[in-house]
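Colleague: Have a look at this one before I ask anything.
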Amino acid sequence: MKLASKIAILFMAVLTTGMVNAQEKTPKSPKATATGTIGGATITINYNSPFVKGRTIYGKLVPYGKVWRAGADDATTFETSKAIKVEGKELPAGKYAFFVIPEKDGTATVIFNKEAKQWGAYDYKEAEDALRVKVKTKKSASLTESLVYKVNKSDVTLSWENLDIPVAIK
C-alpha cells in the first residue's frame, strides 16, 4: 500500500473518532443557570435543561400529582441571598432543592427543600421542606423546546413544552 493511501486511511480514522467523541460529549440535558434580582435579593437557579423532542411532558414524562425535580439529572437548586416572600410566605436566605408537583387542574405545588444537594427526587423527604406554595400554571404562548427558568421583576417562571409555572416573589 502506498504511503499516501496509508495517510488517507489514518486521517479518516482520526476524523471519525473525533466525531464520535464530540457526539458523546454533547449533554442530553445541558446545565443552565438563571439569575436576577428581586426586591434586593439575588436569585440563582441552577438546573439541567431537558428537551421536549416531540414527547408529551406533563401528565406523561412528568406525571401529575408526583414530586418532580423541575429539570433533569441533579435536583434543581434555588438560592436567594436575602429572605424573600414567595407567594406571600417567608423563605429565609439560603440554597434549596426546588421541586414541583404539577396537577391536571392547572395548578402546581412548588417546593423549597432544605436538602439542596440531591440527585433527582429519589431521596426527596417532605419533612425537609422549608416552604410549599400552590401556584396557578399558564398555557405558554408557544412551545418551549428546552426547559428554561427566568428571573423576572416580580416572579420566577419555569417554562417547558406548553406550560409556564410562575412563582410570585417579593
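The values are calculated or read from the model by the stated rules, or taken from the named source; none is laboratory data. Predicted, not measured: the structure shown is a model, and the values here were computed from it. All Cβ positions, glycine included, derive from the backbone under ideal geometry; neighbour counts span all protein chains shown.
Colleague: Any residue that is out of contact with any helix residue (DSSP H, G or I) (no Cβ under 6 Å at 6 or more places or on another chain), under 29 Å from Gly40 (Cα atoms) and of a type in the set (Lys, Arg) - is there at least one of those in region 98-115?
Modeller: Scanning region 98-115, I find no residue that is out of contact with any helix residue (DSSP H, G or I) (no Cβ under 6 Å at 6 or more places or on another chain), under 29 Å from Gly40 (Cα atoms) and of a type in the set (Lys, Arg), so the answer is no.
Colleague: Out of all the residues in region 61-85, which are basic (Lys, Arg) and at pLDDT 95 or above? Outline the logic, then answer.
Modeller: Taking region 61-85 as the starting set, the residues that turn out to be basic (Lys, Arg) are 66, 69, 82, 85.
Residues satisfying the conditions are Lys66, Lys82, Lys85.
Colleague: If the requirement is being modelled with pLDDT under 95, out of contact with any Gly (no Cβ under 9 Å at 6 or more places or on another chain) and on the phi > 0 side of the Ramachandran plot, which of these qualifies: Gly88, Gly120, Gly94, Gly106? Don't jump to the end; show me each part of the working.
Modeller: Details: Gly88 fails: modelled with pLDDT under 95; Gly94 fails: modelled with pLDDT under 95; Gly106 fails: modelled with pLDDT under 95.
After ruling out the rest, the residue left standing is Gly120.
Colleague: Sort out which residues of region 31-50 are within 16 Å of Thr76 (Cβ to Cβ), surrounded by 13 or more Cβ atoms within 10 Å (Cβ to Cβ), more than 9 Å from the chain's Cα centre (by Cα) and touching a residue at least 60 places away in the same chain (Cβ under 8 Å), and write them in order of number.
Modeller: Taking region 31-50 and keeping what is within 16 Å of Thr76 (Cβ to Cβ), we get 31-36, 43-50.
Subsequent filtering for residues that are surrounded by 13 or more Cβ atoms within 10 Å (Cβ to Cβ) retains 31-32, 34, 36, 43-50.
Checking the rest, the ones that are also more than 9 Å from the chain's Cα centre (by Cα) come to 34, 36, 43-44.
Within region 31-50, Ala34, Gly36, Ile43 qualify.
Colleague: Can you pull out the strands (runs of 3 or more DSSP E) entirely within region 59-170 that have at least 1 residues that are surrounded by fewer than 17 Cβ atoms within 10 Å (Cβ to Cβ)?
Modeller: On the way: elements: 76-80, 84-86, 89-91, 94-102, 107-113, 129-136, 138-151, 155-168.
Fully inside region 59-170 and qualifying: 84-86, 89-91, 94-102, 107-113, 129-136, 138-151, 155-168.
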